[in-house]
Amino acid sequence: MNPGFQEPIITLTSDFGVSDGYVASMRGVLLKLCPRARLVDISHDVPRHEILPTALIMEATIPYFPAGTVHLVVVDPGVGSTRRALALAAAGQYFVGPDNGVFTPFLQEDVSAGAVAIEEKRFRLRPFSSTFHGRDLFAPAAAHIARGSDYRSLGPAVDDPVKFQWPGTSLNGDELAGVVLHVDHFGSCITSIKAEDLPGWEAYYVRCCGVDFGPLKRHYAEVVSGAPLALINSMGRLELAIAQGNAAVALGIKAGDDVRVAATKWAD
Amino acid sequence: MNPGFQEPIITLTSDFGVSDGYVASMRGVLLKLCPRARLVDISHDVPRHEILPTALIMEATIPYFPAGTVHLVVVDPGVGSTRRALALAAAGQYFVGPDNGVFTPFLQEDVSAGAVAIEEKRFRLRPFSSTFHGRDLFAPAAAHIARGSDYRSLGPAVDDPVKFQWPGTSLNGDELAGVVLHVDHFGSCITSIKAEDLPGWEAYYVRCCGVDFGPLKRHYAEVVSGAPLALINSMGRLELAIAQGNAAVALGIKAGDDVRVAATKWAD
Amino acid sequence: MNPGFQEPIITLTSDFGVSDGYVASMRGVLLKLCPRARLVDISHDVPRHEILPTALIMEATIPYFPAGTVHLVVVDPGVGSTRRALALAAAGQYFVGPDNGVFTPFLQEDVSAGAVAIEEKRFRLRPFSSTFHGRDLFAPAAAHIARGSDYRSLGPAVDDPVKFQWPGTSLNGDELAGVVLHVDHFGSCITSIKAEDLPGWEAYYVRCCGVDFGPLKRHYAEVVSGAPLALINSMGRLELAIAQGNAAVALGIKAGDDVRVAATKWAD
């Protein structure tokens, strides 16, 4: 890092929306406890209480941040219950949030990942709300790490952080099957099939919800406006789209729908 | 403050939305006039032209910011009319915005609050728009304060800033009555009843729009998904919610609706 | 610039929305390559793939930013096609984005504007996505300029950057005609008619979609709530609005509709 210029980055991810001041309260806490922090939003509109799309967005985004970035993630359907609070070091960065699987992409990729349960109460805000741990527990913990303290001082080591099982892909002869994981802002449908899952076929014919997406393309401009297409997107995942259109709305595709890839054209 | 590290914080609150560049123009003005400023959004999606929910969001958020923060608030149905422009010191922080009641929470809490009418024209941008004081009058005034100047140099003292009367609560024997003030992003309904308004009863049974919210809970995870509940939320106010659901949509609750709390179960 | 305090500003404009992490990936790239950068959002909700409203928003916003600001604009329907990538110096600021006309306002205003095609591949991220140039090509180029490098090192000079023709105004005797360019967050309708287009008449009577907006006003508070009005807005353009209402929804006005201004009252 540039000596004489040390401003830690803290990213924020939540399902709070940005209309009510909940995110702003967390920003205030972060800046009060770590005045040098730079705050960067990942998203505050992830699907409410949904762990998988949050993890998907983080998987696609976090690798572009500098080493040492602290990622505060508050998608937390179990706030107030007995779910643990987690601080985690993985892939050269830090993560703070509920132990509900939201950090699955980073737990799987980094065998050296260390995790602790945030149990030290001295870092909490007082008064402490039982409904807003993002503000009163997670933000102070993130600020603590961003100030340069060891994340392991936040509580005891945890060797079984919650992971979810990604919906997989299955190969049956000349057909590869997967599912739609997330519909994005454009109505494009991001699937469980990664580039590296594709067998060494000469072409890949994609089908979903009875619609033929034709052979795999490289970019959206390869088809005429309004035409459906499939490509490997910027996350390295198979994506179903309509050029300059909204595939989810136009074709009725939603998260969980089956998608299939074949080596040869689909029969009508 | 950390010597050698002085970056003033300016927060922005408006009903402008973020799609058209109006907020960005204010950000540009702030950074041009106060290059060291850190800009933090509170919300740009408060209900349009509505003072009370804006004040509610600020009441819940501002206490989490560091001393000396400058809060720029532009919810301003009277732009161009004779409403005054206000700069205010209260609770160790600074406020700039229209004199329409939006600062009510801070006027009531801090008896030492000082306010001035921003009348000095030398701080305004030129050309000066009669429809966008946020950019041409309030942002320059906020930058002026953030640069370390005395807010009292902006104009003459005002001893009667506009305050609105919060919808109150009333206690009648074993029943406490209040109203819904705001429906948040989750569809949860924030009421005029504060924790300190609750009498010393053994339990609190909550009812609103003909729906029984049962005895007061401590957190959302205490009821099953889809069940209505009432709790004291992270703002210290009685809130009506549906666990992992949208109470306002599901139950037809809206701002202004009556809410009642009783010491004993409601008869059906 | 304040010596000893040099934090370049990079603004971001896109049609990506902020829910999926696409903007966040660009923020990560910018901060990794230019750790001192201050990131400021112009808008991420410009109408999808639409060049004209994006240019309009930038025209209204960019002049308020300090000299030397770098503006990263990614509204890019042609990503992956042969459209060029552009870096541009104009009006004392820098611009990076697709060569699709989005920089039209700045190309017209500054005859000394210099532009280059970003062709140097050494600045690109690896791996390089053919669908997300905002992250892999434009953000690195913007960071390069923000770090103080010469924008001309990004590639060869371009002397024919794409410009679109603004929908104009035409004066026929006592009638001035124009079109609606953009409907903003409030439902107000921003037109192609600029303040300087108005002839030296004593009054200006405005009509659009069969609705009479009366003589030109100076601010919204000049008419009663719910009444239609026309004024020269904070962008210096004729705007049609409803006081505290939504003109586009209430009156069915949309981008492209004709608007007419006359020196005398419209006959019914």
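The values are calculated or read from the model by the stated rules, or taken from the named source; none is laboratory data. Being a predicted model, the structure only gives us computed values, none of them experimental. Neighbour counts are summed over all protein chains in view; Cβ atoms, including those assigned to glycine, are modelled from backbone coordinates with ideal geometry. The accessibility values were calculated without ligands, DNA or RNA, using every heavy atom of the protein model including side chains. Shrake-Rupley method; radii C 1.70, N 1.55, O 1.52, S 1.80 Å.
If I take every Cα pair under 8 Å that is 6 or more residues apart in chain A, average their sequence separation and divide by the length, what percent do I get for the relative contact order?
Rounded, it is 15 percent for chain A.
Hey, could you get me the Stokes-Einstein D for region B:15-109, Kirkwood radius over alpha-carbon pairs, 20 °C and 1.002 mPa s, rounded to whole µm² s⁻¹?
Using the Kirkwood radius from Cα pairs, D works out to 153 µm²/s.
Less than 19 Å apart at the alpha-carbon level, and either on another chain or at least 8 residues along: which lysines does that give for residue C:265?
Straight-line reach from residue C:265, under 19 Å: C:217.
For region C:148-264, state the semi-axes of the equivalent ellipsoid (square roots of 5 times the eigenvalues of the alpha-carbon gyration tensor), sorted largest first and rounded to whole angstrom.
So the three semi-axes of region C:148-264 are 32, 18, 13 Å.
Give the long-range amide H neighbours of residue C:204: residues separated by 5 or more places, or on another chain, with amide H under 5 Å away, using H modelled in the peptide plane at 1.01 Å from N.
When sequence neighbours closer than 5 places are left aside, the close amide H contacts are C:216.
Enter the accessible area per residue of the protein assembly as shown (Å², integer; probe 1.4 Å; all protein chains in place).
39 Å²
Between the label point of residue A:153 and that of the same position in each other copy, find the distances and list them shortest first in nm, with every label point placed 7 Å from Cα along the Cα-to-C-beta direction.
When each copy's label point is compared with this one, the spacings are 4.0, 4.0 nm.
Could you give the nm distance between label points at residue B:153 and residue C:260, where each point is 7 Å from its Cα heading toward the beta carbon?
Distance between the two pseudo-spin positions: 5.4 nm.
Restricting to bridges with both residues inside the protein assembly as shown, how much of the DSSP beta-bridge set is antiparallel, in percent to the nearest 5?
75 percent
So for the protein assembly as shown, taking the charge dipole from beta-carbon charges (+1 Lys/Arg, -1 Asp/Glu), which of A:85, C:87, B:178 sits furthest toward the positive end?
C:87
State the Cα centre-to-centre distance between region C:124-158 and region B:80-131 in whole Å.
First find each Cα centre; the distance between them is then 43 Å.
When only alpha-carbon atoms are used, what values of Rg and Dmax, in angstrom, describe chain C?
For chain C, the Cα radius of gyration and maximum Cα-Cα distance read 20.7, 65 Å.
So what are the ³J(HN,Hα) numbers for region C:238-248, from phi and the Karplus equation (6.51, -1.76, 1.60; θ = phi - 60°), rounded to whole Hz, Gly and Pro as x?
My calculation for region C:238-248 gives 4, 10, 9, 9, 10, 4, 6, x, 10, 5, 4 Hz in order.
Only Cα pairs under 8 Å and at least 6 apart count here; give the relative contact order of region A:127-197 as a rounded whole percent.
It rounds to 17 percent for region A:127-197.
Which percent of Cα-Cα pairs in the protein assembly as shown sits in each 20 Å bin, short to long?
Going from the shortest bin to the longest, the percentages are 15, 46, 34, 5, 0.
How large is Rg over Rh for region A:66-116, taking Rg from the Cα atoms and Rh as the Kirkwood inverse mean of 1/r across Cα pairs?
Rg divided by Rh gives 0.97.
Which loop-located GluC sites (Glu not before Pro) does region C:154-230 contain, where loop means any DSSP state but H, G, I, E or B and the Cβ has at most 14 other Cβ atoms within 10 Å?
C:202
Carbon and sulfur together cover what percent of the accessible area of chain B at a 1.4 Å probe radius?
50 percent
State, to one decimal in nm and shortest first, how far the label point of residue B:168 sits from each corresponding label point in the other identical copies (label point: 7 angstrom along Cα-to-Cβ).
Inter-copy label distances (nm, one decimal, shortest first): 6.6, 6.6.
Tell me, what ³J(HN,Hα) does each residue in region A:116-133 have, in order and in whole Hz, if you take phi through Karplus 6.51 cos²θ - 1.76 cosθ + 1.60 with θ = phi - 60° and put x for Gly and Pro?
10, 8, 6, 10, 5, 7, 5, 8, 6, 6, 10, x, 10, 8, 7, 10, 9, 5
In the structure shown, do any of A:121/C:32; C:163/C:254; A:121/B:254 have a Cα-Cα gap over 29 Å, and if so which?
A:121/C:32; A:121/B:254
So who's got an amide H within less than 5 Å of the one on residue A:255, skipping anything under 5 residues away but keeping other chains? H placed 1.01 Å off N, in plane.
HN-HN under 5 Å from residue A:255: A:183.
Report the charge-dipole magnitude of chain A in Debye, nearest 20, computed about the Cα centre from +1 at each Lys and Arg Cβ and -1 at each Asp and Glu Cβ.
1060 debye
For the residue pair residue A:163 and residue A:249, what label-to-label distance in nm results when each label sits 7 Å from Cα along the Cα-to-beta-carbon direction?
Once both label points are built, they end up 3.9 nm from each other.
Which one of A:46, A:96, A:158 has the biggest mean-square fluctuation once chain A is modelled by GNM with Cα springs under 10 Å?
Comparing A:46, A:96, A:158 in the GNM, the peak value goes to A:158.
Express in whole angstrom the spacing between the alpha-carbon centres of region C:223-243 and region B:18-51.
22 Å
Looking only at region C:59-205, where both bridge partners belong to it, what percent of the DSSP beta bridges are antiparallel (to the nearest 5)?
Roughly 85 percent of the DSSP beta bridges within region C:59-205 come out antiparallel.
Using the Karplus equation 6.51 cos²θ - 1.76 cosθ + 1.60 (θ = phi - 60°), what ³J(HN,Hα) coupling, rounded to whole Hz, does each residue of region C:212-219 give in order, writing x for Gly and Pro?
After applying 6.51 cos²θ - 1.76 cosθ + 1.60, I find 8, 9, x, x, 4, 9, 9, 8 Hz.
Hey, rough spin-label estimate for residue B:121 and residue A:196, points 7 angstrom out along Cα→Cβ, what's it come to in nanometres?
It works out to 6.8 nm between the two label points.
If you place +1 on the Cβ of every Lys and Arg and -1 on the Cβ of every Asp and Glu, how big does the dipole about the Cα centre of region B:24-150 come out, in debye to the nearest 20?
That gives region B:24-150 a dipole magnitude of about 680 debye.
For region A:89-177, calculate the relative contact order in percent as a whole number, restricting contacts to Cα pairs under 8 Å that are 6 or more residues apart.
Relative contact order for region A:89-177 comes out at 36 percent.
Considering only DSSP beta bridges with both partners in region B:1-94, what is the antiparallel share in %, to the nearest 5?
Just about 15 percent of them are antiparallel.
With the label 7 angstrom out along Cα to Cβ, how close does residue A:198 come to the same site in each of the other copies, in nm, nearest first?
Its label point is 5.8, 5.8 nm from the equivalent points in the other copies.
If you take the accessible area of B alone plus C alone and subtract the pair, what total do you get in square angstrom, rounded to 100, with a 1.4 Å probe?
Interface between B and C: roughly 2700 Å².
5 Å is the cut-off here: which amide hydrogens, built 1.01 Å from N in the peptide plane, fall below it relative to residue B:41, excluding neighbours closer than 5 in sequence?
Those lying under 5 Å, H to H, from residue B:41 are B:12.
What does the charge dipole of the protein assembly as shown about its Cα centre add up to, to the nearest 20 debye, if the Cβ of each Lys and Arg holds +1 and the Cβ of each Asp and Glu holds -1?
1780 debye
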